[in-house]
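Single-structure report; data block below.
The values are calculated or read from the model by the stated rules, or taken from the named source; none is laboratory data. Since this is a predicted model, take the numbers as computed values, not measurements. We place every Cβ from the backbone using ideal geometry, glycine too, and count neighbours over all the protein chains shown.
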Amino acid sequence: MTQRTANHQLKTLIDESGLPYDGVARAVKAVASESGQRLGTNKSAVHHWTLGATPAGQTPGYLAEALSRRLGRRITREDLGLGSPTGGEDESIGLTLDFDPLETLTAIGSADVNRRRFLAASAYSMAAATLPLESVQEAAARTRTVSGGAVAGHADVAAVRDMVKLFMDMDERHGGQHGRSAFVQYLVADIADLCRGRFASEEIRAEALSVASAGAHLAGWKAYDSGEQGLAQRYYVQSLALARESGIPGQDGFVMRTMSQQGMKLHRPEHCLALAETGWDRAKGRVGSQVEALFAITHAHALAKTGQIPQALTGVDHAHAALVAGADDDVPFWALVWGPPAATVHSRSAKVFETLGDRPNSSRSYATAAASRPGTTYARIIALDLVAQAEQQAKQGQIEQACTTWGQAIDTMAGVKSTRTLKSVRTLRSDLRPYRSRGVRVAAELDERARVFLAHHR
């Protein structure tokens, strides 16, 4: 039998963390769960790792992230004594702002299209979440250009912007998995090539980088919709870099706003308030009132998540007032990723009220949000708002109303390819279980609808 060599590096880091082996196991499983992965890690497995066993699959990355969070600094596989990943993969790809964002984006996109497991199952990085806060100043332009070739003008950039907008609309109507590979290929080929070329003016170059940022943001959103949180975050970081280099007012703050929302969704509130505040600071006085409302409502949600109730409610009022004030504003296309700003503000207001335990206001706001979006264009997000509304109704004991709303959500999901919508239907079935056991007819009928829906959408 081969004698293993004890892993003293890992043992030292675990000792430094102060966690017992079962605590390390729980932390690793929690990180994996954020990306939809279920691990059977236990204290015995951790003990075997310290004795020289190598964690299987993506577990080394989850272990590194778990200890990074605990110790407050970035821990790599090499720090853990686990060597480099097999296949020559760079697990840190996209988690910094140090390199040419176009080159980094091309590498991420190529791995995404090829469905490289190390990237699809990568962990959400707390260190990467702090990057926007550590580098608020404008970064020097790092995108490399090529000499020769045609000179791009407004029409060339407009054509690419129209294509990105088309994919944005398709994403909302049909879900993040519809056309995902096609879009990522377009992003890393056509859009990246455009940005590397020559431009008739600096203004046109800025427009091209802005479109590239919006494209990277959409690729991140598609990954997010698949539950691939680490991959989504890497796209967002490069979207931020491109937005900063474009100099388009408010766009870099908008990406920070998205990163704040991702952290809140994953119940990682550590940097969410700072991201929301800094993003809004980047946009104040530089965007119209409707776009400012989007920043204000995310900030309000982050305040609610951190227990600052009066400030959160004031933020909700501020967002709604900004909507009214900016009723006639032109909204830039990169701020329309979730539909009309009013609908987004109502949906996020509902999340504020939900966080504060105000179920009646939360339910009403979700209903208003769903009714504020064109149904033929925003099927996925309308369905998710209706699901959230139904959950609030059920928690108030309004089971018949909840079942009606859930039924409307399932109707809306037809033709949508989204991991999040499927997860919401599975959660629905779980929520219905107590009512089915009590013989509530509407719950049993809806559960059967949900079962059939899931059977046809595996």
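Residue-wise test of (1) modelled with pLDDT of 95 or more; (2) surrounded by 24 or more Cβ atoms within 10 Å (Cβ to Cβ); (3) farther than 23 Å from H271 by Cβ.
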{"position": "L194", "(1), (2), (3)": "no, no, yes"}
{"position": "E207", "(1), (2), (3)": "yes, no, yes"}
{"position": "A212", "(1), (2), (3)": "yes, yes, yes"}
{"position": "A223", "(1), (2), (3)": "no, yes, no"}
{"position": "G227", "(1), (2), (3)": "no, no, no"}
{"position": "A241", "(1), (2), (3)": "no, yes, no"}
{"position": "E245", "(1), (2), (3)": "no, yes, no"}
Is there any pair linking a residue in region 1-16 that is farther than 22 Å from L67 by Cα to one that is at pLDDT 90 or above and not in a loop (DSSP other than H, G, I, E, B), with Cβ under 9 Å and at least six apart or on different chains, and which? R4/H48
With L67, L71, L13, L63 as the choices, which residue is hydrophobic (A, V, I, L, M, F, W, C) and more than 24 Å from K265 (Cα to Cα)? L13
Checking E103 against (1) at pLDDT below 90; (2) part of a helix (DSSP H, G or I); (3) not small (G, A, S): exactly one of these is not met. Which one? (1)
Enumerated helices (runs of 4 or more DSSP H) restricted to region 333-433, each holding at least 3 residues that are charged (D, E, K, R) and crowded, with 17+ Cβ neighbours inside 10 Å: 341-355, 379-395
Please state which of the following conditions S365 fails to meet, knowing it meets all the rest: (1) touching a residue at least 24 places away in the same chain (Cβ under 8 Å); (2) in contact with a helix residue (DSSP H, G or I) (Cβ under 9 Å, 6 or more places away or on another chain); (3) within 21 Å of Q261 (Cα to Cα). (1)
Which of the helices (runs of 4 or more DSSP H) contained wholly in region 217-329 include at least 2 residues that are under 26 Å from R161 (Cα atoms)? 229-246, 251-265, 272-283, 289-305
Please go through (1) in a loop (DSSP other than H, G, I, E, B); (2) at pLDDT below 85 for T41 and return the number of the only condition it doesn't satisfy. (2)
Just need a number here: residues in region 34-62 that are small (G, A, S), within 28 Å of S226 (Cβ to Cβ) and loosely packed, with under 14 Cβ neighbours inside 10 Å. 3
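Does E34 satisfy the criteria of being closer than 20 Å to S92 by Cα and not assigned by TED's automatic domain parsing to the domain that holds H267?
Values: closer than 20 Å to S92 by Cα: yes; not assigned by TED's automatic domain parsing to the domain that holds H267: yes.
Taking the combined requirement at face value, the residue satisfies it.
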